[in-house]
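Enquirer: Let me give you the structure first, and then I'll get to my questions.
What follows is calculated from the coordinates using simple rules that are stated; it is not laboratory data. If you're wondering where the values come from, they're calculated on a predicted model, not measured in any experiment. Every residue, glycine as well, gets a Cβ built from its backbone with ideal geometry; the counts of neighbours run over all protein chains shown.
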Amino acid sequence: MNRRDVIKLMGGSTLLGSFGLSQSSVAETVRTLRAFPSTKRLVPDSSFQEANIWGFEGKVPGPELRFKKGEWVRVEFENELPEGSSIHWHGIRNLNGMDGVAGLTQPAVEPGDRFRYVFPLPDSGTYWYHSHAKTWSQVARGLYGPLIVEDPEDPEVDHDLVLMIDDWRLADDGTLEESSFGSLHDWAHAGRLGNWLTVNGESHPNIPVKQNARVRLRLINAANARVFGIALPTEGTLIAEDGFPRTHQLVNDITLAPAQRADVIWEMDSETTTFYEVRNGEPYPAFTLTPVESSEPRVAKRPLSQKPVAPPPDRIDVEIPLHMQGGAMGNLSEAVYHGKMTPIRELAQMHKKVWAFNGQVGDHHDALATLSRNQVASIEVFNDTRWEHAMHLHGHHFWIQTEQGEFLNGQRDTYLFSRGERAKLIFVADNPGLWLFHCHMLEHHEAGMAAVIEVV
Ligand SMILES: [Cu+2]
């Protein structure tokens, strides 16, 4: 498939037809999300400067969008940024034309322009939205927010807390460090790692919670490249990952790669409790829950009821080998770029490309595979690099089968590959369109870790 075919397919897709709904029946309340530059105090000390950020409605995170399963999202995106942008609805099994990937499912929305996103929500869970144009810069500047989809079967809780975790790279005066945007060193190593942790845009926020409350923690990793580990002070029950239900499991800590989410039910007592980030050096306080007295009744602490977890398919129709190579200390000497075999030195210095899939510098143009609808596909990944990668498939959730043949619990949309790891990402290709498959370490994506999977 070539670029012309991609455009033809985009033009030919009918977004609403497959849902049997006419445009008029969905033209209801429309929420506006404007993206524009703003400022924010990231270091809460007046001897530091405010940072220049880009935010939805000028905020980081952007407004919390909360819907019920089956409802339609209607968002008018207005771009008041100095460059093109778009909104991707991460983890939503979306209509392809609403997936928000600039350059693949839509053109970038240019400054002063607008685009209306209209799509249904087939699944409940914890999701998020973020820019999908020049993401390595735009997401790092703050263009993200939570998207929560409620379900009547959700466990009853006293507090439903969304916790969006990010690391910012700040200069010594507390402003955003901008000179290192686009650093080839970052792109070839672990990506843009920050030096300042925020939760919901605040440094170590203190969140009031009723004594002895049952709390749902919706943890979301919004960082460009940092893998977080959040230690729970006492055991919690992990009920969902990447929005999808999983078999309940008592856990003491949560690992979250970029873009991953985890839903945990946690019982508060009457003590002030701090949750620490523990995967990146010394434990660092992420957020604190402070008990408040309240005469309001608490929800009954019934045993949590288990939502059904879909078993993996018992067949594979299409195997898609994916050899990931490149990066610093890697074994990639040359790769195909724009149809031409190119030495790695030239790729890095002339084009800022340092990663390859199957010997090809990835982009949005060529399909890695073309699948017929409802085929069961297995992306058989070999991470032949010295770096971790958080691989994200758009429009679908996959099962993960380890090299030993075991399936991990549940389904995810983003999976963290360790160095040298082999695993299969298995999914039912039930959503037609052009779907990006890429590393969510956003610098890796830009530097070559991207492919398109086409479902016809
Ligand atoms: Cu990566």
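Enquirer: Roughly how many Å is it from the Cα centre of region 286-341 to that of region 147-186, as a whole number?
Expert: 16
Enquirer: Okay, moving on. Using the Karplus equation 6.51 cos²θ - 1.76 cosθ + 1.60 (θ = phi - 60°), what ³J(HN,Hα) coupling, rounded to whole Hz, does each residue of region 262-270 give in order, writing x for Gly and Pro?
Expert: 9, 10, 10, 9, 9, 9, 7, 10, 10
Enquirer: Express in nm, to one decimal, how much length is gained between residue 57 and residue 172 on full extension, taking 0.36 nm for each residue of separation and deducting their alpha carbon distance.
Expert: Result: 38.7 nm gained on full extension.
Enquirer: Out of residues 5 or more away from residue 414 or on other chains, whose amide H comes under 5 Å of its own, with H placed 1.01 Å from N in the peptide plane?
Expert: The answer is none.
Enquirer: Quick check on region 37-183: take the gyration tensor over C-alpha atoms, sort the square-rooted eigenvalues as a ≥ b ≥ c, and tell me if it's rounded (a/c under 1.5), prolate or oblate.
Expert: Details: a/c = 2.41, a/b = 1.32, b/c = 1.82.
Because a/c hits 1.5 or more and a/b fails to exceed b/c, region 37-183 counts as oblate.
Enquirer: So if I place +1 on the C-beta of Lys and Arg and -1 on the C-beta of Asp and Glu, and nothing else carries charge, what would the dipole magnitude of region 115-180 be about its Cα centre? I want it in debye, nearest 20. Don't skip to the answer; put the middle values down first.
Expert: Working: 4 positive and 14 negative charges, 131 e Å.
Rounded to the nearest 20 debye, it is 640 debye.
Enquirer: Also: In this model, which of 134/340; 40/69; 59/424 are farther than 26 Å apart at the alpha-carbon? Numbers along the way, then the final one.
Expert: Details: 134/340 24 Å; 40/69 33 Å; 59/424 38 Å.
The answer is 40/69; 59/424.
Enquirer: List the relative contact order of the chain as a percent without decimals, with contacts defined as Cα pairs under 8 Å and 6+ residues apart.
Expert: 14
Enquirer: Students often forget the sequence filter, so: which aspartates and glutamates lie under 19 Å Cα-Cα from residue 353 once same-chain residues fewer than 8 apart are removed?
Expert: 186, 334, 363, 366, 384, 388, 443, 446
Enquirer: Among 185, 444, 222, whose Cα lies farthest out toward the positive end of the dipole of the chain, if unit charges sit on the beta carbon of Lys, Arg (+1) and Asp, Glu (-1)?
Expert: Of 185, 444, 222, it is 444.
Enquirer: If you keep only loop residues by DSSP, which GluC sites (Glu not before Pro) in region 272-369 have at most 13 other Cβ atoms within 10 Å of their Cβ? Mind dumping the intermediate values first?
Expert: On the way: sites: 277, 293, 319, 334, 346; in loops: 293.
Those satisfying the criteria are 293.
Enquirer: Shape verdict for region 69-149, please, from the Cα gyration tensor: rounded (a/c under 1.5), prolate (a/b greater than b/c) or oblate. Walk me through the numbers before you get to the answer.
Expert: Details: a/c = 1.96, a/b = 1.55, b/c = 1.27.
Prolate.
Enquirer: I need the peptides 408-416, 395-403, 267-275, 302-310 ranked by packing, meaning the mean over residues of other C-beta atoms within 10 angstrom, with the highest value on top.
Expert: Working: 408-416: 21.8, 395-403: 19.2, 267-275: 14.8, 302-310: 11.3.
Packing proxy ranking, top to bottom: 408-416, 395-403, 267-275, 302-310.
Enquirer: Among 355, 370, 323, which residue has its Cα furthest toward the positive end of the charge dipole of region 318-455, with +1 on Lys/Arg Cβ and -1 on Asp/Glu Cβ?
Expert: Towards the positive end, the residue furthest out is 355.
Enquirer: Which loop-located trypsin sites (Lys or Arg not before Pro) does region 330-373 contain, where loop means any DSSP state but H, G, I, E or B and the Cβ has at most 11 other Cβ atoms within 10 Å?
Expert: Numbers: sites: 340, 345, 352, 353, 373; in loops: 352, 353, 373.
For trypsin sites (Lys or Arg not before Pro) across region 330-373 that sit outside H, G, I, E and B with at most 11 neighbouring Cβ atoms in 10 Å, the list reads 373.
Enquirer: Lysines within cross-link reach of residue 68: Cα-Cα under 19 Å, excluding same-chain residues under 8 positions apart?
Expert: Cα-Cα hits under 19 Å: 307.
Enquirer: Moving on. Compute the length gained on full extension between residue 336 and residue 196: take 0.36 nm times their separation in residues and subtract their Cα-Cα distance, giving the result in nm to one decimal. Display every interim value, and only then the final one.
Expert: Numbers: separation 140, 0.36 × 140 = 50.40 nm, distance 3.75 nm.
Length gained between residue 336 and residue 196: 46.7 nm.
Enquirer: For 344, 92, 239, what's the fewest-to-most ordering of other Cβ within 10 Å of each Cβ?
Expert: 344, 239, 92
Enquirer: Let me ask something else about it. For a test of the definition: using alpha carbon positions, the gyration tensor, and the 1.5 limit on a/c, classify the chain as rounded, prolate or oblate.
Expert: Working: a/c = 1.37, a/b = 1.24, b/c = 1.10.
Rounded shape, in that the Cα axes give a/c under 1.5.
Enquirer: Now a separate question. As I understand it, the dipole of the chain uses +1 on the Cβ of Lys and Arg and -1 on the Cβ of Asp and Glu, about the Cα centre. Which of 273, 60, 92 lies farthest toward its positive end?
Expert: Sorting the options by dipole projection puts first 92.
Enquirer: Beta carbons within 10 angstrom, averaged per residue: use that to sort the peptides 278-284, 244-250, 323-329, highest first.
Expert: Numbers: 278-284: 12.7, 244-250: 16.6, 323-329: 20.0.
The densest-packed peptide leads the list: 323-329, 244-250, 278-284.
Enquirer: Taking the Cα centre of the chain as origin and charging only Cβ (+1 Lys, Arg; -1 Asp, Glu), how large is the dipole, in debye to the nearest 20?
Expert: Values: 42 positive and 60 negative charges, 163 e Å.
That gives a dipole near 780 debye.
Enquirer: Take residue 318 and residue 430, extend 7 Å from each Cα along the Cα→Cβ direction, and tell me the distance between the two endpoints in nm.
Expert: Calculated label separation equals 1.7 nm.
Enquirer: With each pseudo-label sitting 7 Å past Cα toward Cβ, what's the residue 206-residue 76 distance in nm, one decimal?
Expert: Simple spin-label model gives 4.1 nm for this pair.
Enquirer: Please give, to one decimal in nm, the separation of the simple spin-label points placed at residue 46 and residue 329, each 7 Å out from Cα toward the Cβ.
Expert: That separation, rounded to one decimal, is 4.6 nm.
Enquirer: Shifting gears a bit: Under 5 Å between amide hydrogens, which residues at least 5 positions from residue 332 or on another chain qualify, with H placed 1.01 Å from N in the peptide plane?
Expert: Those lying under 5 Å, H to H, from residue 332 are 326.
Enquirer: Still on this structure: Within the set of other residues whose C-beta is less than 12 Å from the C-beta of residue 237, count the net charge using Lys and Arg as +1 and Asp and Glu as -1. Display every interim value, and only then the final one.
Expert: Values: positive: 214, 216, 246, 301; negative: 235, 263, 267.
Around residue 237, the surrounding residues sum to +1.
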